[in-house]
1. Kindly write out, for the range 153-161 in residue order, the coupling ³J(HN,Hα) from the Karplus curve 6.51 cos²θ - 1.76 cosθ + 1.60 (θ = phi - 60°), rounded to whole Hz, with x marking Gly and Pro.
2. Taking +1 at the Cβ of each Lys and Arg and -1 at the Cβ of each Asp and Glu, which of PHE622, ALA362, LEU492 sits farthest along the dipole of the chain towards its positive end, judged by Cα position relative to the Cα centre?
3. Calculated FRET efficiency, LYS17 and ALA531, Cβ-Cβ r, R0 56 Å, to nearest 0.05?
4. Could you list TYR442, TYR544 so that the one with the fewest beta carbons within 10 Å of its beta carbon is first and the one with the most is last?
5. How would you order 114-125, 457-468 from highest to lowest mean count of nearby Cβ atoms within 10 Å?
6. Under the 0.36 nm per residue contour assumption, what length would be gained going from the current alpha-carbon distance of LYS217 and VAL162 to full extension?
7. Compute the Cα gyration tensor for the range 49-144, then decide on rounded, prolate or oblate, letting a ≥ b ≥ c be the square roots of its eigenvalues: rounded whenever a/c is under 1.5, prolate when a/b is larger than b/c in the other cases, and oblate in all that remain.
8. Per 0.36 nm of contour for each residue apart, how much would the distance between GLN585 and ASP226 grow if the chain were fully extended, relative to their Cα-Cα spacing?
Amino acid sequence: MGLLTLGTPLSWEDTKKWSDHVRKHGIQQLINIYRRLKDRHGDVLKWGDEMEYMLVVMDEDTKTARLSLNANEVLEILEKREKESPRDYPASWHPEHGAFMLEGTPIRPYGHLMEHLNMVEANMRLRREEILSVLDQKRGETVLTLTSFPRHGCPGFTDPEVECNPTVNPESRSLFFPDAAISIHPRFRNFVRNIRERRGEKVSVNIPVFKDSNTPKPFKETFPIDDVEANRNAKDDHIYMDYTAFGLACVQCTLQASDLGEALRLYDQLAPLCPIFLALSAAAPVHRGYLADTDCRCNIISQSVDCRTREERGLEPLKHDKFVIPKSRYDSIDCYLTPEAEKYNDIDLVLDQDICQQLQDAGMGRSLARHFAHLFIRDPISLFSEKIHQNDELETDHFEAIQTTNWQPLRFKPPPPNSTIGWRVEFRPMEIQLTDFENAAYVVFIVLLTRVILFYNLNFLIPMSKVDENMQEAQKRDAVRQGLFWFRKEVLPPYKSGLAAGSDSQCNGGWKEDDKEYTKMTINEIINGKAGGFQGLVSLMNSYLETVDIDVDTRCSVQQYLRLIQKRASGELMTTARWIRSFVQNHPKYKSDSVVSEEITYDLTKVADEITKGVRACPELFGTPRTRSKVSLSSEGQKKLRKETPGKADIDVLI
Ligand code: ADP
Ligand code: MG
Ligand code: MG
Ligand code: MG
């Protein structure tokens, strides 16, 4: 888990004083891990998902849906259950930024068996039932997995309703988002204040509004309070936000590689897939009560945690700061990590040369050293007084303080000290879906795809600047159907060409450097292939599935997961964003003015809740799937696991 230290948070002034100290010891901690564990090998696949939940309370009488600020109480009960029976309990719980949010993971990771793919959905279902079991459902409380709650930041969007203006919000000074809706965990409050103080002004988020037939032209908001920064920063035709909008949820997936080399390779190969899966999972078309012209959360979060100073943003000459930094600390990645991919690193990397040298002197490969030297241009944004002085051999808090506040769609995770955990990669671009079926489908698709990448030695590399372009393309409205994405024409190494249908491509061979290596494709072509062109990811996955030992139930579930992604890619099924957008636009009370009112939000939330609970069908979103997901491995699966696990007594995966 990211750092969630309890203790006494330091002000920005004090954190700043310790910045160099944190960086210096953070790098030393990384070097110590690297020296000790760079040759660690033979780890088997372990992996797990993380789901971010929102607590909502619906009132039928007043037709309102609000975000319920009781996540902390819910979390306390759930954490107690987790502690009481750690062997049998299905889930592990963590606080999240919003006081209406929590995060749940399986209590132990899934393992290397194909059958583990069939446990994700069932485990997600158990997690959701756990949360529901402590909510007051009679009062209308429920739990939803929404990427963005439509009226997040609107007057009275929380339950209980709390006052909201810059005077009562000392941390954020926001006009819209009350400090009372930030998790009580000190880390998150500290973030909000320190981001603002480091930046030197309130954060400023502008997202293009969707221009419907009755949307005012130009669309210009009047704010409840005459606020200098809002007046200065809010752009015409944009939805303006002035708060750190962490209340935007995603589903993540962490995978353990067999060794450092495999982890680097997986990281690189997953990089070009981030924008593709961002577009496929798009689920965030409404913000602060307005329809946006974009479908995804990323550019919002990016602006909302942008702690760069004016100098770092290039608005003033460098005087106090060291670097002009092109991106926020939440943004797309800037470099590949393996030597083979180095030729595709075409983005100028702002990095700390001394740190880079130090890491290379410690034996780290050039690209990986540059990656960390790039992450370490940032200051720590949250520091606890109890944690300033650390034993760099045993602790890694300073390393994690910088590493885990570089919020990127991929994260390269070194092994924690004193643990059995190996080198890992975390896939983080995906927006969260309403149902456990859909979320399981996306997670399983990615995990399976990593097996296919390794098995066929696939190559998805394109210049990093093109991945960046794709990240922007992915967030556009209806990118799945309308977008064009840079993608490699041939992903199989030359010796494997002809393995899957459609590989009679004009492009001969995978490792050429000319510009014909990649072209623009639709998401449909990338996933489903095109006759005479790219064979499509799913055809490669199906070829792989024919080579592996897989039980009937798992095969049945996996087939339905693949089908969901295929049909989303082809446009036959809607993305969550498209579905929400169409729900709003077809609502009888919608006035074609981009406004998503309380009543529309209530109706949307109610329908979403029914779909999530399976009491309402939604064939346009995910068909009518019947998976055979199971909470535990079959007895054959368990036997197999024991046989195939080195040190059989110590099985630390879900069985
Ligand atoms: P963070 O918030 O830092 O990403 P979490 O603890 O919330 O970390 O989530 C980590 C994920 O990694 C969980 O899904 C967990 O099941 C999974 N996981 C745990 N151990 C391993 C391992 N050895 N290899 C891969 N994944 C693991
Ligand atoms: Mg987590
Ligand atoms: Mg989280
Ligand atoms: Mg995570």
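We did not get these values from a lab; they are worked out from the coordinates using the rules stated. Note that the structure is predicted; figures quoted are calculated from it, not measured. As a convention, Cβ positions derive from the backbone with ideal geometry for all residues, glycine included, and neighbour counts pool all protein chains shown.
1. Couplings: x, 8, x, x, 7, 10, 10, x, 5 Hz.
2. Positive-end residue among those listed: LEU492.
3. On the way: r = 63 Å, r/R0 = 1.12.
Calculated transfer efficiency: 0.35.
4. Numbers: TYR442 25, TYR544 19.
So the residues, fewest neighbours to most, are TYR544, TYR442.
5. Details: 114-125: 24.5, 457-468: 20.2.
Ranking, from highest mean packing down: 114-125, 457-468.
6. 16.6 nm
7. prolate
8. Full extension of this stretch gives 126.1 nm more.
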